[in-house]
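> Pasting a structure here, questions to come.
None of the figures in this text is laboratory data; all of them are computed from the coordinates on show. The structure presented is a predicted model; accordingly, all values stated were derived computationally and were not measured. Cβ atoms come from the backbone with ideal geometry, glycine included; neighbour counts cover every protein chain shown.
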Amino acid sequence: MSARRGELESALLPHLDAGYNLARWLVGNDSEANDVVQSACVRAIQYFSSLRGSDAKPWFLGIVRNTCMTALKHRGERAADIDVESLLESPAESEALGAGREGPLEPLLRRDVRDRVNRVLRQLPAGFKEVLVLREMEELSYDDIALVTGVPIGTVMSRLSRARRQFRAAYALLDEESARD
Amino acid sequence: MTDHEQDPEVSELVKSAGERYPAPSALRRAVLADIRARTGARTGVLGHVRQWFGPGLGQVGVAFATGAVVAFVALQFLARPSSDSTLYALAADHARAVVTASAIEVNSSDKHTVKPWLSAKLGYSPVVVDLADASFPLLGGRRGFLGGVPLAVMVYGFKEHEIDVYAIRPDAGIALPRTHASLDGYHVVTWSVNGMNYVAMSDVDAERLEAFGKLLKSRQAQPG
């Protein structure tokens, strides 16, 4: 049925880059990202009726995201949903994050910046990575991020601010390390 | 709601320096092929009749042959009406769960957490075992619904796939699907242990699901 084919193509293909980017960041390598996105597309095709006229981008990214989480759990990494909230409970970490908040981030050489940003992003927990990728790279609204991640909008906002704080702290730490070298 | 925890500097860094990974063109082609394969022009009963009986068949012949085929198909369904509707209902429940973020209601790889949760919510409990040592980790549990009947569901993982195992009591009034069945990319395996029926459904390949079903059945049958 070509009408359905057209609908599917216009729902999935424009968002394939965003889906792959999210998956690549969450699973961390190309071959798994490929598997995950293709499985997500098959699920999207099978369950296309659930889109029901809503915005295809958060719908599709949500399926990609869930497929990633299943893959991560299979690997034995704990899912974002359960662990993120407890991440900042240790006093040492809160202290480190507090320290990270002071002062502007040091300006660095361009290539250096790119390298550091990506190193910091890569080592963030999945729950922080996903909100940063969705917000800063894909420029999704809080509502859409809530749809993709399946948590309330308030949680999205607090998770985002925690993610930024942790990013800032880790980035500053990297700075100190390089200053010492 | 205001976001007073913004950090424009961090946002700018991620925005400007964060790596974007575009979808490889091979993936794009594969997805396009998946869409095409799953939306192929449907021939329909009439088309099949023409294919089977050749183009020489006249209108009356087509009508007669179509009637015969429809009757045959209808008889197939009548022979096991509820078993096939169970399959459709399970596939719908599984598909809904797989694409929904909050599907797993009790998120734990610990059978001592999953089993009591299911027992408390459903009033009965399946034999829960972890199969992480065989690459099928227990991810958690949830309630499934089949025609309004709540069912205990154990959720297992295999790579990026989820395997839902529905525990169906014999007195639940639900006809079990055939032992091995497939529907629109989903496969099903059924078995019984200690008087409880189990139906595993997933989009992993049929052989893998078969192996999973055999393994789970044998582990469930072991005491302790």
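> Taking beta carbons within 10 Å but only from partner chains, what does the mean come to for residues B:159-171?
3
> Just tell me how shielded A:10-18 is by partners: mean number of partner chain Cβ atoms within 10 Å of each residue's Cβ, no decimals.
Neighbouring Cβ atoms belonging to other protein chains average 3 per residue here.
> Calculate, for B:R143 and A:E139, the FRET efficiency according to 1/(1 + (r/R0)^6) with r their C-beta to C-beta distance and R0 25 Å; round to the nearest 0.05.
0.10
> Give me D for the stretch A:1-77 in µm² s⁻¹, whole number, from Stokes-Einstein with Rh from the Kirkwood sum over alpha-carbon pairs, 20 °C and 1.002 mPa s.
D, rounded to a whole number, is 171 µm²/s.
> A further question on this structure: Please go through the residue pairs B:K15/B:K111; A:K57/B:K214; A:K57/B:K217; B:K121/B:K159; A:K73/B:K217; B:K121/B:K214 and name each one whose alpha carbons sit more than 32 Å apart in this structure.
In this structure, B:K15/B:K111; A:K57/B:K214; A:K57/B:K217 lie more than 32 Å apart at Cα.
> Within 10 Å of each Cβ of A:59-71, how many other protein chain Cβ atoms are there on average?
Rounded to a whole number, the mean comes out at 4.
> Cα gyration tensor of the stretch A:116-164, axes a ≥ b ≥ c as square roots of the eigenvalues: rounded (a/c below 1.5), prolate (a/b > b/c) or oblate?
prolate
> Please state the shape class of the stretch B:81-221: rounded when a/c is under 1.5, otherwise prolate if a/b exceeds b/c and oblate if not, all from the C-alpha gyration tensor.
Cα axes put the stretch B:81-221 in the rounded bin.
> For the stretch B:86-99, what does the Karplus curve 6.51 cos²θ - 1.76 cosθ + 1.60, with θ = phi - 60°, yield as ³J(HN,Hα) per residue in whole Hz, taken in order and with x for Gly and Pro?
4, 4, 5, 5, 5, 4, 5, 5, 5, 4, 4, 5, 5, 8
> How far, in nm, would the chain grow between B:A175 and B:R29 when pulled straight, counting 0.36 nm per residue and subtracting the alpha carbon separation?
Fully extending the segment from B:A175 to B:R29 adds 48.5 nm.
> Taking the highest mean first, how do the peptides A:163-173, B:140-150 order by number of other beta carbon atoms within 10 angstrom per residue?
Final packing ranking: A:163-173, B:140-150.
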